């Protein structure tokens, strides 16, 4: 998605992103604050999860000038601290001060694509406050480094204002301090909703949030089991575009087409590569760097048309798993009943994906009606719900078929993980209705609903027996009492045995009065 | 003319008899529970299909279909409990010699944590108990609001508590006496009457008293106030059975009047579960449809629903034969109706001086 942008070689990537900040979720002071918090927080989670570390993330937002009486929008300081692996000091300047640093051409499931969002936040902060971003990080827990960095926007290069080293006192991980102009008053609701949902989908994380009013919100870890980190895979031929192909060619050390293909593409070996090259009419031994513009266009078209590539495998995906999803839902929604459905891996346009759906019913938190929580690669999606494919699927469900009462308190949680989430816009807030995705979502929602139906019918029959017993307990003692008086007996008959008996008859109507 | 000793026995044995029925019912339920079974009560079904006409008895009776009300059935346990409560409640009434109206029963239930949704529900349970015990509710001291009255030379002796042995002549008060619980249960001591005249309306009742019909025809006069309540029907039956008095019935000349006479004689479908509420030998002496023509009475056209009612009655087995079908046909033919008061056209006393003696004469041949 971002690859096309590099074609604008006249301006630096930093400048391009700054000019297009609306697209990346920095359109207004409130949206910018929300996006910045989110991007830094998600980078922290990635920094922990990639190394199998149970995340402990601390986020604090304070007015930059603690004593200011200015109203929003105003400058805020965002601090995000994690216990992740840390960043080797030599990588820090470029990791935070240069757009497209370390661009990877291999694919795997992660929250952000190329760490773009975080850099966008830094860029936005620098422009609006003229303050450097401050990064403190330690890899070994012995020594920590602090950098103050500005981005040279035109040159797309980091400017190190200050660098210092000090003892880490045993803790690894990274702390980012970023100043930016924001509107917390307006962003407050979304930010809190975001953390609540993030806690739901990362139940293995401890999340501590202090808001600008000094309120402390803690989301405690509900499980210590973390999904295994995702593996990196090569790109699948179906997912290729012109620019990605150019980059692959530029980067490849192979000098014949057949080797270039088998080394660069997912599930393509020499045999498949040869067959494909025959199909497209290219010489197997041709140097990939000799491809002309027209050749590249022709090659890409053929990649998309060719039917005999193997489907991508899903080993690169890291779904949350039934247990984790259940824990997250129970932890944050406290429902009466939870069902979770996980679909087998599937693929669209060469990108593998897995759909996980949770369904929560009842409890004290879920309001009546159907509430949708959407997640993509463990990111909560809070905007544009109505346009999302999940909304479409849920609207098309035939609730009556599952005997769900009208306005029942239901929450549906959809999680899609993929090497590339099919976002409809650059803002990354809602998913396109790809038929493959829609089908998998539909099946998962139905599976969860079938479980709910079963639960509700069991619950109803238990309630029925209970209701019946209540009725017997009310009337049998009265019958006993009145019949005792009528018969003149000295004691009550032993009616309690009838209450203990489970021979409660069905509602037969053969002797209804007229 | 009636032996006094036997009357007392009748009254107290009747009470003992019904108390035994209550006790038997309670004992049955008690022992079923004590033996670990859900108690149940079986009684004849009261649905339309099970109400059949008995030609010999000349009344409706319940057929052989029965209903089992089981406390085990979740839909039955509530009415079952209500039925047991009602038995308990009326047992107390009878024991203490007190009476209760249908409305009283509805409210009394609340003192025992028993609820009835409305009086219709409690009335329904009262009818159930009538069916279970084959006794009228008056037998267990539950009465409707009274509205009919009796006048004439009949000396009665009260049996109700506080009035036992006290006597009263029913000609002592010209407005007549309400036929209520104390009168219904009183013993008949003495009478000079030779017949009973039951009239549909209070106006005519007063006219008869004023014109001394009771003396001139040696009659007891009863105002049925429209369709007579059961206590009045029971009273009519007792006068007929115990004192051998013939019963003559005077109503308006319309299908409803004719049906009042029929219910007195043959009973109603609603009371198909009860006996001793009919007077099979009773006679409807007027006003007939044919009298409208014969006496040139002022009349009104029958409305559509009146005609519909005539067609219904024509299919009713109680109306087979005699004057019953004939007079229904007259209504259909002339399509007119008239009232008892219509005789006032010929003067206020025309009905007592001219019509009544003529009809009593005709009655002999009925």
Next item on the list: Can you work out which of the residues in the stretch A:467-484 that are over 10 Å from residue B:84 (Cα atoms) and within 8 Å of another protein chain (Cβ to nearest Cβ) is nearest to the chain's Cα centre (by Cα)?
Entry: A:468
Next item on the list: Evaluate the following for residue A:478: is it closer than 30 Å to residue A:344 by Cβ, part of a helix (DSSP H, G or I) and modelled with pLDDT of 85 or more?
Entry: no
Item checked: Sole residue being in contact (Cβ under 8 Å) with a residue 24 or more places away in the chain and under 30 Å from residue B:324 (Cα atoms), chosen from B:100, B:134, B:64 -> B:134
Item checked: Residues that are within 13 Å of another protein chain (Cβ to nearest Cβ) and not in a helix (DSSP H, G or I), drawn from the stretch B:82-124 -> B:113, B:114, B:115
Next item on the list: Determine if the stretch A:228-238 includes at least one residue that is assigned to a helix (DSSP H, G or I) and surrounded by 15 or more Cβ atoms within 10 Å (Cβ to Cβ).
Entry: yes
Next item on the list: Would you mind finding the one in A:189, A:197 that is without any contact (Cβ under 8 Å) to a residue 40 or more places away in the chain and within 20 Å of the chain's Cα centre (by Cα)?
Entry: A:189
Next item on the list: Residues that are within 24 Å of residue B:361 (Cβ to Cβ): find the helices (runs of 4 or more DSSP H) completely inside the stretch B:238-345 holding 2 or more of those.
Entry: B:255-266, B:289-294, B:322-334
Note to self: Restricting to the stretch B:298-317, name every residue that is exposed (fewer than 12 other Cβ atoms within 10 Å of the Cβ) and farther than 29 Å from residue B:51 by Cα.
What the structure shows: B:301
Next item on the list: Quickly run through the stretch A:152-172 and pick out the residues that are at pLDDT below 90 and more than 20 Å from residue A:47 (Cβ to Cβ).
Entry: A:152, A:153, A:154, A:155, A:156, A:157
Notebook entry, point to check: Only one of A:206, A:130 is under 27 Å from residue A:54 (Cβ atoms) and surrounded by fewer than 21 Cβ atoms within 10 Å (Cβ to Cβ); which?
Noted result: A:206
Notebook entry, point to check: Which of the residues spanning the stretch B:196-213 are within 21 Å of the chain's Cα centre (by Cα) and surrounded by 19 or more Cβ atoms within 10 Å (Cβ to Cβ)?
Noted result: B:196, B:197, B:198, B:199, B:200, B:201, B:204, B:205
Check: Can you name the residue in the stretch B:60-76 that is in a loop (DSSP other than H, G, I, E, B), in contact with a strand residue (DSSP E or B) (Cβ under 7 Å, 6 or more places away or on another chain) and facing chain A (nearest Cβ under 9 Å) and, of all such residues, is surrounded by the fewest Cβ atoms within 10 Å (Cβ to Cβ)?
Finding: B:76
Next item on the list: Could you please find all residues in the stretch A:297-317 being touching a helix residue (DSSP H, G or I) at 6+ places or on another chain (Cβ under 6 Å) and assigned to a helix (DSSP H, G or I)?
Entry: A:300, A:302, A:303
Item checked: Lone qualifier among B:98, B:167 - being surrounded by fewer than 21 Cβ atoms within 10 Å (Cβ to Cβ) and modelled with pLDDT of 90 or more -> B:167
Checklist line | Residue tally, condition at positive phi and not in a strand (DSSP E or B), over the stretch A:139-173 | finding: 4
Next item on the list: Could you check how many residues of the stretch B:339-351 are buried (at least 16 other Cβ atoms within 10 Å of the Cβ) and more than 21 Å from residue B:226 (Cβ to Cβ)?
Entry: 0
Note to self: Go through the stretch B:24-59 and report how many residues are surrounded by 17 or more Cβ atoms within 10 Å (Cβ to Cβ) and either within 7 Å of chain A (Cβ to nearest Cβ) or at pLDDT 90 or above (or both).
What the structure shows: 17
Next item on the list: Specify the residue that is farthest from the chain's Cα centre (by Cα); the eligible residues are those in the stretch A:248-263 that are crowded, with 16+ Cβ neighbours inside 10 Å and in contact (Cβ under 8 Å) with a residue 40 or more places away in the chain.
Entry: A:249
Note to self: Criterion first (in a loop (DSSP other than H, G, I, E, B) and under 16 Å from the mean Cα position of the chain (by Cα)) does residue A:320 satisfy it?
What the structure shows: yes
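The values are calculated or read from the model by the stated rules, or taken from the named source; none is laboratory data. Note that the coordinates shown come from a computational prediction; the quantities given were computed from them, not determined experimentally. Glycine gets a Cβ as well: all are built from the backbone with ideal geometry, and neighbour counts include every protein chain shown.
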